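Trainee: Once you've had a glance at the structure underneath, I'll fire off some questions.
The values are calculated or read from the model by the stated rules, or taken from the named source; none is laboratory data. None of the values given here were measured: they were computed from a predicted structure. All Cβ positions, even for glycine, are placed from backbone atoms using ideal geometry, and neighbour counts span all protein chains on display. Ligands, DNA and RNA are stripped out before the accessible areas are found, and what is left, the full protein with its side chains, is counted by its heavy atoms. Shrake-Rupley method; radii C 1.70, N 1.55, O 1.52, S 1.80 Å.
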Amino acid sequence: QVQLVESGGGLVRAGSSLSLSCAASGRTLSSYSMGWFRQAPGKEREFVAAIAWSGGATMYADSVKGRFTISRDNAKNTASLQMNSLKPEDTAVYYCAASPDYISRLRLSYTSWGQGTQVTISS
């Protein structure tokens with residue numbers, strides 16, 4: 001199983017940008033598709049973005065499409081989430097996850113999870 005550690009969260013103002021990183025160890029990420037999920041207080045964990053094994057396919061939640069970009073670097077065993085034009089409603093704990101499926105927006109597809117990183121957007 002792959003171990004994942006997120007970094008890059010923080011407190012920024014609305015309209016700003018943040019870049020989250022996910023570093024993997026234990027196994028090579030090239031065997032997994034990667035996803036980002038988020039969980040706001042009192043809400044369920046929700047899908048944000050996903051990228052296929054090779055990076056050839058991506059998918060996004062409608063709420064972040066056009067603002068967030070997911071990417072991966074298999075040589076460095078990392079995945080990233082570039083977040084632009086941030087809104088207060090983007091405030092949540094962000095999790096990266098790895099799935100053996102080609103690409104998925106379903107939580108149940110993901111078998112490894114990081115511990116999460118807090119993103120807070122002030123208005």
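Trainee: State yes or no: is R27 touching a Phe, Trp or Tyr at 6+ places or on another chain (Cβ under 7 Å) and of a type in the set (K, R)?
Mentor: no
Trainee: Related question: Sort out which residues of segment 13-30 are open to solvent by 30 Å² or more (accessible area, probe 1.4 Å) and modelled with pLDDT of 95 or more, and write them in order of number.
Mentor: R13, A14, G15, S16, S17, S19, S21, A23
Trainee: Do you know which residues across segment 31-56 are exposed (fewer than 13 other Cβ atoms within 10 Å of the Cβ) and of a type outside the set (D, E)?
Mentor: Within segment 31-56, S31, P41, G42, K43, S54, G56 qualify.
Trainee: Keeping to segment 1-25, report how many residues are under 12 Å from G114 (Cβ atoms) and part of a loop (DSSP other than H, G, I, E, B).
Mentor: Result for segment 1-25: 3.
Trainee: Within segment 63-72, can you find the residues that are open to solvent by 30 Å² or more (accessible area, probe 1.4 Å) and under 12 Å from the mean Cα position of the chain (by Cα)?
Mentor: Of everything in segment 63-72, those that are open to solvent by 30 Å² or more (accessible area, probe 1.4 Å) and under 12 Å from the mean Cα position of the chain (by Cα) turn out to be T69, S71, R72.
Trainee: State all residues of segment 73-123 that are within 14 Å of the chain's Cα centre (by Cα), in a loop (DSSP other than H, G, I, E, B) and under 15 Å from F47 (Cα atoms); if no residue qualifies, say none.
Mentor: Listed by number, the residues that qualify are T91, I103, S104, R105, L106, Y110, G114, G116.
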